Amino acid sequence: MRFLGNIEAKTDAKGRAFLPAAFRKVLQLNSEERLVMRKDVFQPCLVLYPESVWNEQMDQMRARLNRWNRQHQQVFRQFVSEVELLTLDGNGRFLIPKRYQRMADIEQDIKFVGLGDTIEIWSNKKAEEQRMKPEDFEAALEELMGSEEAKSEE
């Protein structure tokens, strides 16, 4: 599953948004009907996971955590309890609940960003604030991908 692109959109007065057609098509091709929404752990945005991707992530997380470790249980509980299960309506719309709008500082103008197997939803304002300067992006990409280790994997 590959969600790609950066698509601007708007929410209506009730907080509903249309999932971009390109992303709906990816979901349909993969027979995905439901999405899981949660606030990103590190950034001021929301993340939409197709249900199968969410389930894989939960399996990976559960495998790394010990049920008999108090902190592990707290981390797992907090991560999985702060989610919203979504189903698109017949028009491809879904509701962004008010508490999620507040968490991500979403007003009306939003941006959908495809990140491979997930989709981020940003307020337009926050999306621009989080972008790296072009020269910083170039330097970081060169450092990550230009290393000897990365070259040997080609």
Between a first residue in the stretch 123-143 that is surrounded by 11 or more Cβ atoms within 10 Å (Cβ to Cβ) and a second residue that is in a helix (DSSP H, G or I), which pairs have beta carbons less than 8 Å apart while being 6 or more apart in sequence or on different chains?
132/140
State which residue pairs qualify: first residue without any contact (Cβ under 8 Å) to a residue 24 or more places away in the chain and inside the stretch 10-39, second residue part of a loop (DSSP other than H, G, I, E, B) in any location, beta carbons under 7 Å apart, and separation of 6 or more residues or different chains.
none
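What residue, among those in the stretch 23-55 that are out of contact with any Asp or Glu (no Cβ under 9 Å at 6 or more places or on another chain) and assigned to a loop (DSSP other than H, G, I, E, B), is least open to solvent (accessible area, probe 1.4 Å)? Working first, answer last.
As a first pass, look at the stretch 23-55 and keep what is out of contact with any Asp or Glu (no Cβ under 9 Å at 6 or more places or on another chain): 23-25, 28-31, 41-42, 54-55.
Checking the rest, the ones that are also assigned to a loop (DSSP other than H, G, I, E, B) come to 30-31, 41-42.
Numbers: 30: 68, 31: 99, 41: 90, 42: 177 Å².
Only one residue tops the list, namely 30.
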Look at the stretch 87-117 and say how many of its residues are touching a Phe, Trp or Tyr at 6+ places or on another chain (Cβ under 8 Å) and either part of a helix (DSSP H, G or I) or open to solvent by 20 Å² or more (accessible area, probe 1.4 Å) (or both).
7
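The values are calculated or read from the model by the stated rules, or taken from the named source; none is laboratory data. As the structure is a computational prediction, the values presented were derived from the model and not from experiment. Neighbour counts are summed over all protein chains in view; Cβ atoms, including those assigned to glycine, are modelled from backbone coordinates with ideal geometry. Note: accessible area is taken over every heavy atom of the protein model, side chains too, but ligands, DNA and RNA are not part of it. Shrake-Rupley method; radii C 1.70, N 1.55, O 1.52, S 1.80 Å.
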